[in-house]
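See structure below.
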Amino acid sequence: MSHIALVIPGLDRIGGAERQVMLLAKGLRRRDWRVSVVALSRVGSRAAAELNAAGVEFVCLEMRKGLADPRGWIRYNRWLNREKPQVVHTHLAHAAWLARWSRLSTPVRVLVDTLHSSSTGKLARRLGYRSSIWFPDQVTAVSQSVADAHFAARMVDPDNLSILPNGVDVEDFHPDARVRAAARQELGLNDEFLWLAAGRLEAVKDYPTLLHAFAKVPEPARLIIAGEGPQHSELCQLSAHLGLERRVRFLGFQPDVKPWMRAADGFVLSSRWEGLPMSLLEAGACALPSVATDVPGSRDVIVQGRTGRLAPCGAPAALASAMTATMQSSPEERHSMGNLARLHVAERYSLETMLDCWERLYAKLLRRNYQPSHGMHDPLPI
């Protein structure tokens, strides 16, 4: 049985990258891989329990000071020497750097790194990737826009880069009339048009633009926001200032967004940038028409005018106009748009299709690398 280690900074805060790691871990385990998820820090008790129930090992390195904690490096290298996974697959910057530089002291057979965001960060992040560019056997990006951004910043070797999108379980995310009725009853809704937004309450998601836009959207629209984060108090105050207390409801962190997606009539995403947003894929799988800002990542998912609508980033009036146009289209038009969104996601982003792609990539790299190595390739000039 082949052993893969999926390495990630933590699983306490569940975003798109973390959800994808969870899906990949459980999916590979179903396909008879031995799977370990290695978190640099934070216990991630809820996610750890879910993984353990699926037969996936969860390991926490208990790093207290980020990458500066030498105890975490020692624990990681000891674990590698003891368990000897054939494949190490990293997600997000700190996990990538730990696994890359650890390869100097503890050779591994295959090292894969996945890029999840079109944001290349500040100079320190760019230098971190450039200085370790020759360690991975393969770098993947979740979308072309993510790949283009990192290539432009000289953070990846173009000869060692491929596109492997996120996947969504289209059998798990699907419309359900019974769940829809129950969730809408819980929200006290009748025939109101319900918008759902989901994601961390932080600057990149640009919820202030969404709230200003929603203030321009006509009644009887309602908006629910699933997510927690540092901007919670600020956004609640803005909602009150805009007179939206009756129309907007903050749900907090939701471990399962499916009931709310099934309750909604449309999905909205106001991000400043994305990689390949899991929330848009999940909304599409639930046959929801979506409105999103026209930014890298989101434009990879939405087919303008067919599966949803795109609006300029940071423009409340334009976002409100796109939301209003969706609301004012006929039920038949919205139903058709939602069905096309589900078909689009099923054809291009099915979890089972993505698992097939990952297994083919791992198999190719394992055939190429018969023995553990340091992975030292010729670096690009910095």
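When LEU319, LEU280 are screened for being crowded, with 16+ Cβ neighbours inside 10 Å, closer than 21 Å to GLU202 by Cβ and within 16 Å of the chain's Cα centre (by Cα), only LEU280 passes. You will find that of TYR370, TYR349, TYR362, the residue that is out of contact with any Cys (no Cβ under 7 Å at 6 or more places or on another chain) and modelled with pLDDT under 95 is TYR370 and no other.
Could you tell me whether region 293-305 includes any residue that is under 21 Å from PHE214 (Cα atoms) and aliphatic (A, V, I, L, M)? Yes, some residue in region 293-305 is under 21 Å from PHE214 (Cα atoms) and aliphatic (A, V, I, L, M). Considering only region 292-302, I want to know if a residue exists there that is at pLDDT 95 or above, out of contact with any Leu (no Cβ under 8 Å at 6 or more places or on another chain) and not hydrophobic (A, V, I, L, M, F, W, C). There is no residue in region 292-302 that is at pLDDT 95 or above, out of contact with any Leu (no Cβ under 8 Å at 6 or more places or on another chain) and not hydrophobic (A, V, I, L, M, F, W, C).
When the residues of region 111-133 are filtered to those that are under 17 Å from HIS89 (Cβ atoms) and either of a type in the set (A, V, I, L, M, F, W, C) or in contact with a helix residue (DSSP H, G or I) (Cβ under 6 Å, 6 or more places away or on another chain) (or both), the one that is surrounded by the fewest Cβ atoms within 10 Å (Cβ to Cβ) is SER132. Answer yes or no as to whether ALA287 is buried (at least 18 other Cβ atoms within 10 Å of the Cβ), touching a His at 6+ places or on another chain (Cβ under 8 Å) and of a type in the set (A, V, I, L, M). So ALA287 fits the description; yes. Within the set LEU288, LEU281, the sole residue that is outside any helix (DSSP H, G or I) and in contact with a helix residue (DSSP H, G or I) (Cβ under 9 Å, 6 or more places away or on another chain) turns out to be LEU288.
Return yes when PRO136 is surrounded by fewer than 23 Cβ atoms within 10 Å (Cβ to Cβ) and in contact (Cβ under 8 Å) with a residue 12 or more places away in the chain and no when it is not.
No: the conditions fail for PRO136.
Within region 330-353, if we keep just the residues that are surrounded by fewer than 20 Cβ atoms within 10 Å (Cβ to Cβ), closer than 21 Å to ARG31 by Cβ and among the hydroxyl-bearing types (Ser, Thr, Tyr), the residue that is farthest from the chain's Cα centre (by Cα) turns out to be THR353. One residue alone among PHE193, PHE135 is touching a Gly at 6+ places or on another chain (Cβ under 9 Å), not assigned by TED's automatic domain parsing to the domain that holds VAL257 and not charged (D, E, K, R), and that residue is PHE135.
Just checking: which of the strands (runs of 3 or more DSSP E) contained wholly in region 1-73 hold 2 or more residues that are buried (at least 20 other Cβ atoms within 10 Å of the Cβ), among the aromatic types (Phe, Trp, Tyr) and at positive phi? Qualifying strands (runs of 3 or more DSSP E): none found. If you take the residues in region 233-263 that are free of Cβ contacts under 8 Å to residues at least 12 places away in the same chain and part of a loop (DSSP other than H, G, I, E, B), which one is nearest to CYS286 (Cα to Cα)? Ranking the candidates gives ASP256 first. Whether a residue is more than 22 Å from LEU201 (Cβ to Cβ), assigned to a strand (DSSP E or B) and touching a Ser or Thr at 6+ places or on another chain (Cβ under 8 Å) was assessed, and ARG309 passes this test. Within region 53-74, being modelled with pLDDT of 95 or more and not hydrophobic (A, V, I, L, M, F, W, C) holds for GLY55, GLU57.
Can you work out which of the residues in region 74-91 that are surrounded by 20 or more Cβ atoms within 10 Å (Cβ to Cβ) and over 20 Å from TRP358 (Cβ atoms) is farthest from the chain's Cα centre (by Cα)?
LEU80
The values are calculated or read from the model by the stated rules, or taken from the named source; none is laboratory data. The shown structure was predicted, so the numbers you read here are calculated from the model rather than taken from an experiment. Cβ coordinates were reconstructed from backbone atoms using ideal geometry, including for glycine residues, and neighbour counts include every protein chain displayed.
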